[in-house]
Each structure stands twice: as structure tokens, then as C-alpha cells.
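Report on one structure; see the data block that follows.
Quick note: the coordinates plus some simple rules give every number you see, no bench work behind them. Worth saying up front: this structure is predicted, and the values here are computed from it rather than measured. In this analysis, Cβ positions are derived from the backbone assuming ideal geometry, glycine residues included, and neighbour counts consider all displayed protein chains.
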Amino acid sequence: AKAAGRNTFRFYDETMQVAIKQRVILESALRQGLQLRQFQPFYQLQINDAGWVLGAEVLVRWQHPERGMISPADFIPVAEETGLIIPLAEQLLAQVCRQLVAWSSQPGFADLSLAVNVSARQVRQEDFVERIIAQVRHSGANPQRLKLELTESLLLHDMDDMIRKMTALKAFGIGFSLDDFGTGYSSLSYLKLLPLEQLKIDQSFVRDLLNDPNDAAIARTIIALADSLGLSVIAEGVEHESQRRFLAEQGCHTYQGYLFGRPGPLERFMASLRLDEQG
Ligand code: C2E
Ligand code: CA
Ligand code: CA
Ligand code: CA
């Protein structure tokens, strides 16, 4: 038993070492990627029933010279653990603000808003609010065109602190959307305490909307909840017209998903809007 125990221990030890090594490699690659500005915003359309484009969600991509395009799921967690998410988010926000400024003088683009994902590590910074405000001010972007996406888990950590920070950013003009709504451990009572603007129905409920009565019930409940709290509601992961129609019937009129467009580089996003205007 002792020998087996030791073997087991050695086994874990090795896998852990491999994992640690991989993490160290990824961390230094992230550092280098930041220096070389390899992180790029992709844009995914947000659109309403009338065909009006409201703006886009910004989804980060890592343009790695050897490994190609790396998806955020593969590096955001390590960026969070190492704290590199802070400079990464700053670089991304700078690009987003620059884009808002560029659009502000372009007819048709001036009203678009951009939604940016925020991580736990960021909002827990003591000076989170001051940093965001300073960056947006410096860029000259209109804060009204900027939306921050927060997840439930992030809010529950220190509610009073979050309320204080969100209230300050809201006063500055920035709106908040509650991302992946319904997937966290929500106590619904906190919703009315937070200065939110929007609930975002998670794609896990949208996927089987037409086949799974539970998902349909959850979606319906979120829509009703948003309505009664005076919040707007958007559904993510809308891939089929049947899902869109169902959501519309339930009172959700704003969407994001492959049905309307995949996340893509700026040029592709803007080209899809031009097509829209002509059509
Ligand atoms: P999320 O915020 O829930 O973003 C939605 C994800 O669903 C995106 O994956 C998007 O590409 C994908 N998606 C959009 N429409 C559809 C659809 O119709 N069907 C399906 N199956 N999927 C769809 P992505 O871009 O890989 O991002 C994954 C997650 O990474 C995001 O989930 C977000 O949590 C995180 N993330 C992305 N960019 C950033 C960032 O700049 N900062 C932080 N902190 N997190 C980010
Ligand atoms: Ca999001
Ligand atoms: Ca989401
Ligand atoms: Ca999601």
C-alpha cells in the first residue's frame, strides 16, 4: 500500500510538473504577446427585431505568429491567474475606445455601442473605477457608447464594493450588462440593488429553447424579470430563426449569435453593416 501510495504520488507530481511547465510557458508567451500587441478585438453584431444594429460585443483573440488564432478560453484563465489580464484588458479597451472615437464622426456608426467583457481580477482592483474613467477620458471616447459585461459570480463576491464601483461608472455614463445570466448562483434580490442596464440570456438556455421546456421556462422567466425590473434583455448564441422567433414571441427583441454574424475582425464587422444598409 505504501509503495502504491508513493507511485500514485509520483504520478501526480509529474503531471503537476508538466502542468506547471505549460503554465510557465503560456505565461511568458502571454507577456511577449502583450509586448508585441498580438491581442486583437473581434466584433460580434448585436441586433434587434427591426434589423437595427445596436453595436457589438468585443471578444478578444490572440493572433499568435506560430499557433495562429487562439481562443480566449485557452488563455483568459491563465491571464487571470497571473494578473496579466490587467494589461491585456487595458490594451483591448484602448483599441475599443479608439474605435468608438473613429466611429463618432462616421454617419451610421456614431450610435453603435461596444460591450466589453470584464474579469474578476479587474473589478477587484482598488482603483478599477479610476483606471477605466482615466482611460476612456484620455481616449476621448463617449462613455455612453461603452458597455461592460459582468458575470453573476463576480457580483456576489463583495456586493457593496461592486455596487459602489458600478454606481460610479454609471454616473460617468458606462452601462452594465449581466452576462451568462441564469448560470450562476443568483439570489434574485440582488438584482434590484445593482445599477444594471441589461440582462443577457446565456446561450446554454437558447440552444435547446424549442426542445427543452425547462430552458424555455428559464428564458421566459429572465425576460419577464428584466421587464419587471425595467432592464433590457438580449439573448446570446442565437443560431436559428426558430430560436429568434421564439424569443421574440416571449418578448426578447435583441439578439447576438451566428444567425446574424460570427465574431470577426473590424473590417468584416463593418462590411456586414454596409451590406445591411444597402439591403
Ligand atoms: P462570453 O462572454 O459568454 O461570449 C460568448 C461566446 O459565445 C463567444 O466565445 C462567442 O464567440 C460565442 N458565440 C457567439 N455566438 C454564438 C452562437 O451563435 N453559437 C455558439 N455556439 N457560440 C456563439 P469566445 O469568443 O470564444 O469567448 C469565450 C469567452 O471568453 C467569453 O464568453 C468570455 O467569457 C471570455 N472572453 C472573451 N473575450 C474576453 C475579454 O476581452 N476579456 C475577458 N475577461 N473575457 C473574455
Ligand atoms: Ca460576454
Ligand atoms: Ca455570455
Ligand atoms: Ca455564455
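For a quick check: with amide H placed at 1.01 Å from N, whose amide H comes under 5 Å from ARG61's, ignoring anything fewer than 5 positions away on the same chain?
GLN40, PHE42
Mind listing the long-range amide H neighbours of GLU149? Cut-off is under 5 Å, sequence gap 5 or more, other chains count too, H placed in the peptide plane at 1.01 Å from N.
Here the answer is VAL116, ASN117, VAL118, SER177, since their amide H atoms fall under 5 Å of that of GLU149.
Tell me the net charge near LEU169. Cut-off is 15 Å between Cβ atoms, LEU169 excluded, with +1 for each Lys or Arg and -1 for each Asp or Glu.
Value of the local net charge: +2.
If I model a spin label as a point 7 Å beyond the Cα along the Cα-Cβ vector, how far apart are those points for ASN211 and ASP49 in nm?
2.7
How big is the charge dipole of the chain about its Cα centre, in debye rounded to the nearest 20, if each Lys and Arg gets +1 on its Cβ and each Asp and Glu gets -1 on its Cβ?
Computed about the Cα centre, the dipole is about 740 debye.
What list of ³J(HN,Hα) couplings, whole Hz, do you get for the range 223-237 from phi and the Karplus terms 6.51, -1.76, 1.60, once you set θ to phi - 60° and write x for glycine and proline?
Per-residue couplings from phi come out as 5, 5, 4, 4, 4, 6, 8, x, 9, 7, 9, 10, 9, 9, x Hz.
Would you order PHE181, PHE176, PHE260 from fewest to most other beta-carbon atoms within 10 Å of each residue's own beta-carbon?
The fewest-first ordering by Cβ neighbours comes to PHE260, PHE176, PHE181.
With r as the distance between the Cβ atoms of ALA102 and ALA248 and R0 = 30 Å, compute the FRET efficiency 1/(1 + (r/R0)^6) and round to 0.05.
0.35
Give me HIS157, HIS253 sorted ascending by neighbouring Cβ count inside 10 Å, so fewest comes first.
HIS157, HIS253
Nearest-5 percent of antiparallel DSSP beta bridges in the chain?
40
Consider a paramagnetic label point 7 Å from the Cα of SER71 along Cα→Cβ; state which residues of the range 224-243 have an amide N under 12 Å from it.
Under cut-off, by backbone N: nothing.
Would you mind computing Rg(Cα) / (2.2 N^0.38 Å) for the chain, counting N as its residues?
Dividing the Cα radius of gyration by 2.2 N^0.38 Å gives 1.10.
Can you give me the relative contact order of the range 140-215 as a percent, contacts being Cα pairs under 8 Å and 6 or more apart?
That works out to 32 percent.
Relative to the Cα centre, what is the charge dipole magnitude of the range 45-179, using +1 at the beta carbon of each Lys and Arg, -1 at the beta carbon of each Asp and Glu, and rounding to the nearest 20 debye?
460
Could you list which residues have their amide H under 5 Å from that of GLU239, counting only those 5 or more apart in sequence or on another chain, with H placed in the peptide plane?
Close amide H contacts, sequence-distant or interchain: LEU259.
Among LEU188, LEU229, LEU54, whose mean-square fluctuation peaks in a Gaussian network model of the chain (Cα, cutoff 10 Å)?
Comparing LEU188, LEU229, LEU54 in the GNM, the peak value goes to LEU188.
Given the options TYR255, ALA216, SER272, identify the residue whose Cα lies farthest towards the positive end of the charge dipole of the range 197-279 (+1 on Cβ of Lys, Arg; -1 on Cβ of Asp, Glu).
SER272
Taking every Cα atom in the range 134-223, find the radius of gyration and the maximum pairwise distance Dmax, and write them in Å.
Values for the range 134-223 (Cα only, Rg and Dmax): 15.1, 49 Å.
Step through the residues of the range 51-59 one at a time and calculate ³J(HN,Hα) from phi using the Karplus curve (6.51 cos²θ - 1.76 cosθ + 1.60, θ = phi - 60°), rounding each to whole Hz and writing x for Gly and Pro.
Running phi through 6.51 cos²θ - 1.76 cosθ + 1.60 with θ = phi - 60° gives x, 6, 7, 8, x, 8, 8, 8, 10 Hz.
Could you list ARG61, ARG268 in order of exposure, starting from the residue whose Cβ has the fewest other Cβ atoms within 10 Å?
Final ranking by Cβ density, sparse to dense: ARG268, ARG61.
Taking θ as phi - 60°, what are the ³J(HN,Hα) couplings along the range 21-29 by the Karplus curve (6.51, -1.76, 1.60), each to the nearest whole Hz, with x for Gly and Pro?
Couplings: 4, 4, 5, 5, 4, 4, 4, 6, 5 Hz.
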